[in-house]
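Enquirer: One structure, as structure tokens, below. Some questions next.
The values are calculated or read from the model by the stated rules, or taken from the named source; none is laboratory data. Every value quoted in this text rests on a predicted model; they were computed, and no experiment measured them. Cβ atoms come from the backbone with ideal geometry, glycine included; neighbour counts cover every protein chain shown.
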């Protein structure tokens, strides 16, 4: 009788621990999902981000949107435990900007139906303004060419030549182009807070 009771008690404890572990894992997963949605949609004004689709760091859709925009992180693995959305370089993009981003990630020439738009209110982790695929390579970049951007809006042109006469100077506060002379040239449009990360580049 005691042995049976012991077996039943042990089984009950095992089931309780298993349920706790499952519940804890499920809760952690929900917390991560909620954090990713908040962090990534925060890359755009709420009137865009709140209605956008969200893709998680594992590539799965976390939320279906209704406005044709998609929010995701370019470097989600860099965020780690910092809980700083900027380290994940999240962006919210329309369909043409998404096509541009997919081409860039695969090192292909972008083919857009129209100009694309992308918001990055959290900013980014820095790049050489003249060299594509230089994200994070501060050591290999001339100091005067390095820009770690704060909040900004981006224009990805259907026809890159339309940006031929746009300045590359990122120190004036005016719109400028990044990656000029490459298929990935795009316009950077600084908004309030753009120079918070790299104040030495702000207009003097």
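Enquirer: Which residues, taken from the stretch 148-174, are buried (at least 19 other Cβ atoms within 10 Å of the Cβ), more than 17 Å from the chain's Cα centre (by Cα) and farther than 19 Å from residue 99 by Cα?
Expert: Passing the criteria: only 170.
Enquirer: Keeping to the stretch 60-70, report how many residues are part of a loop (DSSP other than H, G, I, E, B) and either closer than 18 Å to residue 97 by Cβ or in contact (Cβ under 8 Å) with a residue 60 or more places away in the chain (or both).
Expert: 5
Enquirer: Looking at the stretch 103-129, which of the residues that are touching a helix residue (DSSP H, G or I) at 6+ places or on another chain (Cβ under 8 Å) and not in a loop (DSSP other than H, G, I, E, B) is surrounded by the most Cβ atoms within 10 Å (Cβ to Cβ)?
Expert: 119
Enquirer: Tell me, please, whether a residue that is under 20 Å from residue 194 (Cβ atoms), in contact with a helix residue (DSSP H, G or I) (Cβ under 8 Å, 6 or more places away or on another chain) and surrounded by 14 or more Cβ atoms within 10 Å (Cβ to Cβ) can be found in the stretch 53-65.
Expert: No, that holds for no residue.
Enquirer: Here is a further query. Tell me yes or no: at least one residue of the stretch 30-38 is at pLDDT 50 or above, exposed (fewer than 10 other Cβ atoms within 10 Å of the Cβ) and more than 15 Å from the chain's Cα centre (by Cα).
Expert: No, there is no match, as no residue in the stretch 30-38 is at pLDDT 50 or above, exposed (fewer than 10 other Cβ atoms within 10 Å of the Cβ) and more than 15 Å from the chain's Cα centre (by Cα).
Enquirer: Need the failing condition index for residue 135 against (1) outside any strand (DSSP E or B); (2) crowded, with 20+ Cβ neighbours inside 10 Å; (3) in contact with a strand residue (DSSP E or B) (Cβ under 6 Å, 6 or more places away or on another chain); (4) in contact (Cβ under 8 Å) with a residue 40 or more places away in the chain, just the number.
Expert: Condition not satisfied by residue 135: (2).
Enquirer: Residues that are in a loop (DSSP other than H, G, I, E, B), closer than 23 Å to residue 68 by Cα and touching a helix residue (DSSP H, G or I) at 6+ places or on another chain (Cβ under 8 Å): does the stretch 182-193 have at least one?
Expert: Checking the stretch 182-193: at least one residue is in a loop (DSSP other than H, G, I, E, B), closer than 23 Å to residue 68 by Cα and touching a helix residue (DSSP H, G or I) at 6+ places or on another chain (Cβ under 8 Å).
Enquirer: While we're on this one: Return yes when residue 190 is closer than 28 Å to residue 47 by Cβ and without any contact (Cβ under 8 Å) to a residue 24 or more places away in the chain and no when it is not.
Expert: Values: closer than 28 Å to residue 47 by Cβ: yes; without any contact (Cβ under 8 Å) to a residue 24 or more places away in the chain: no.
No, not satisfied.
Enquirer: May I pose another question? Only one of (1) touching a helix residue (DSSP H, G or I) at 6+ places or on another chain (Cβ under 8 Å); (2) modelled with pLDDT of 95 or more fails for residue 150. Which number is that?
Expert: (1)
Enquirer: For residue 155, work out the one condition from (1) within 26 Å of residue 41 (Cβ to Cβ); (2) touching a strand residue (DSSP E or B) at 6+ places or on another chain (Cβ under 9 Å); (3) in a loop (DSSP other than H, G, I, E, B) it doesn't fulfil.
Expert: (3)
Each row is one residue, and each column tells you yes or no for (1) modelled with pLDDT under 95; (2) crowded, with 16+ Cβ neighbours inside 10 Å; (3) under 15 Å from the mean Cα position of the chain (by Cα); (4) more than 24 Å from residue 44 (Cα to Cα).
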position: 84; (1), (2), (3), (4): yes, no, yes, no
position: 89; (1), (2), (3), (4): yes, yes, yes, no
position: 101; (1), (2), (3), (4): no, yes, yes, no
position: 131; (1), (2), (3), (4): no, yes, no, yes
position: 140; (1), (2), (3), (4): no, no, no, yes
position: 143; (1), (2), (3), (4): no, no, no, yes
position: 177; (1), (2), (3), (4): no, yes, no, no
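Enquirer: Which members of the stretch 42-59 meet the condition of being in contact (Cβ under 8 Å) with a residue 12 or more places away in the chain and either assigned to a loop (DSSP other than H, G, I, E, B) or on the phi > 0 side of the Ramachandran plot (or both)?
Expert: Listed by number, the residues that qualify are 42, 43, 44, 45, 51, 52, 56, 57.
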